[in-house]
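To keep things clear, I will list the structure first and then write my remarks on it.
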């Protein structure tokens, strides 16, 4: 069908349904059926047939099967690290050596980086383990909640090997960014994701802001009041016998194998000259077409080694292994269902309804190309803030943004990535808005989990951290505005200028808050 205003109806139905029901998968189903009805011109039987056809096509793609297996493996690894006590044990080892308030906050940052393969793992482990340490050293629980939450989703989304990264790869592939003959943009989805990471400005600026707040003792607003009122609590830190069972290698080894396995595997599959091929480092990433296989193999390697290490140290028994895998599946099954449904909806929007094409024609002559990254950041932020779902947001917007930019720039498909320079900043804007909205939304699951793990109230946590996130949001807007104006020249030199502007704006506003909002 020709692109028209009705192509906007399915995503709007999803957004409204999420807002009222707080059930993402049900909302996506409504969006899919409405998209099928529009594509079938109101014929219910044809619409149902289209839905079945899309489902069969989705599961006929072996890369999708590899990806869902990877999500189950990573989820099982998270369960294993929890059941064996490795995550908490390693955190206690670190916590045992902390003597100051700044040390406790810095340790929370370090642990969040160490556990950044999944936001749930990071939130629950850092929150539960660091809470008694924070009490002992007079760190306000709301301050700890801010650090834990600020370094969960925003950090995980820029980690190349994480549950969020896997979900992003599916949406890039679904948007037509892949190495197949039918692709819209001829580039490996993992290569595109890696190149998008520098433009996820909110995450980068947020990490800098958290470090700056901790390092320079920034304290204002409601969090500052809580910090001034907190009273130290005498508490036993941990059981020495329990601590001796664990070592930091239990966390570092599987994560190193996971990340290292992916990079070595992709270089090998892409024909890197040091691994028997003939391509340079960058060309090996460009020519790789086995990303999903490599991800799955690396995930299996990390899980197997972690499993063997846990068995050897008698932290788990053989009979627990099936239960760990089952629990991993239960933990991730809702997310897998979401990825499946979002991919099918995205396919409808891109191929059948031409939603991105309609949005592009609607904005032509109204919104200059240079404002597109900033526009998508704001739209992505608003959608995630009101729905609480980061994954749902970038699942909706990545296919729309990709198709829109193809039309906006007037290129003929399939096209090389280098011919649409503004694509990477725009994708970064979508991911930034999703990460930011997930961070500050009172409806997000991570907000509830952060409050639970740190012993605060969800609304109290959302309210107290807001003053610290506003400067970063403003800095992110400044960075995307600058990026949009300069990215038609050298993309990565523009990045440094934009990142510098965003950092300066964020830190100046934090300092101003510290001076005037005590």
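Derivation of every value follows stated rules applied to the coordinates shown; laboratory data play no part. Worth saying up front: this structure is predicted, and the values here are computed from it rather than measured. A quick note on method: Cβ atoms are made from the backbone with ideal geometry, for glycine too, and the neighbour counts reach across all protein chains shown.
The convex hull of the Cα atoms of the stretch 378-456, projected and averaged over all directions, covers 5.7 nm².
Taking a quarter of the surface of the Cα convex hull of the stretch 411-518 gives a mean projected area of 9.0 nm².
Given 10 °C and 1.306 mPa s, compute D for the stretch 188-234 with the Stokes-Einstein relation, Rh being the Kirkwood radius over Cα pairs; round to the nearest whole µm²/s.
Using the Kirkwood radius from Cα pairs, D works out to 117 µm²/s.
In percent, rounded to a whole number, the relative contact order of the stretch 322-422 is 37, using alpha-carbon pairs under 8 Å and six or more apart. Pairwise Cα separations in the stretch 14-70 fall into 10 Å bins from 0 onward with the following percentages, short to long: 23, 34, 37, 6. Between residue 59 and residue 330, the modelled label-to-label distance comes to 2.3 nm, taking each label 7 Å out from Cα in the direction of the beta carbon.
The Rg/Rh ratio of the stretch 275-429, with both radii computed over alpha carbons and Rh defined as the Kirkwood radius, is 1.10.
Taking the longest Cα principal axis of the chain as reference, the axis of helix 491-516 is set at about 40 degrees. Relative to the longest principal axis of the Cα atoms of the chain, the long axis of helix 163-174 makes an angle of roughly 0 degrees. Stick to Cα atoms and the Kirkwood definition of Rh, then tell me Rg/Rh for the stretch 1-104. Over the Cα atoms of the stretch 1-104, Rg/Rh equals 1.26.
Explain nothing, just the number: relative contact order of the chain, from Cα pairs under 8 Å at least 6 residues apart, as a whole percent. Value for the chain: 23 percent. Shape analysis of the stretch 195-324 yields a ratio of the Cα radius of gyration to the Kirkwood radius, Rg/Rh, of 1.14. Pairs of alpha carbons in the stretch 135-261 separated by more than 19 Å make up 67% of all such pairs. Remark on the stretch 69-124: ratio of C-alpha radius of gyration to 2.2 N^0.38 Å is 1.24. Its residue count N sets the reference 2.2 N^0.38 Å, and the alpha-carbon radius of gyration of the stretch 112-171 equals 1.23 times that reference. Helical runs assigned H by DSSP (4 residues or longer) give the chain a calculated mean residue ellipticity at 222 nm of -24000 deg cm²/dmol, each run adding -39500 (n - 2.57) before division by the residue total. Pairs of C-alpha atoms in the stretch 138-192 farther apart than 19 Å represent 47 percent of all such pairs.
Working from Cα pairs under 8 Å separated by at least six residues, relative contact order for the stretch 423-518 is 23 percent. Rounded to the nearest 10 degrees, the inclination of helix 44-60 to the longest alpha-carbon principal axis of the chain is 60 degrees. Residue exposure proxy: 216, 164, 391, 5, ordered by other Cβ atoms within 10 angstrom of their Cβ from fewest to most, comes out as 5, 216, 391, 164.
Residue exposure proxy: 118, 226, 188, ordered by other Cβ atoms within 10 angstrom of their Cβ from fewest to most, comes out as 226, 118, 188.
In plain terms, the residue of 456, 409, 503, 426 with the fewest other Cβ atoms within 10 Å comes first and the most crowded comes last, giving 409, 503, 456, 426. Across all Cα atoms of the chain, the radius of gyration (one decimal) and Dmax (whole number) stand at 23.0, 69 Å.
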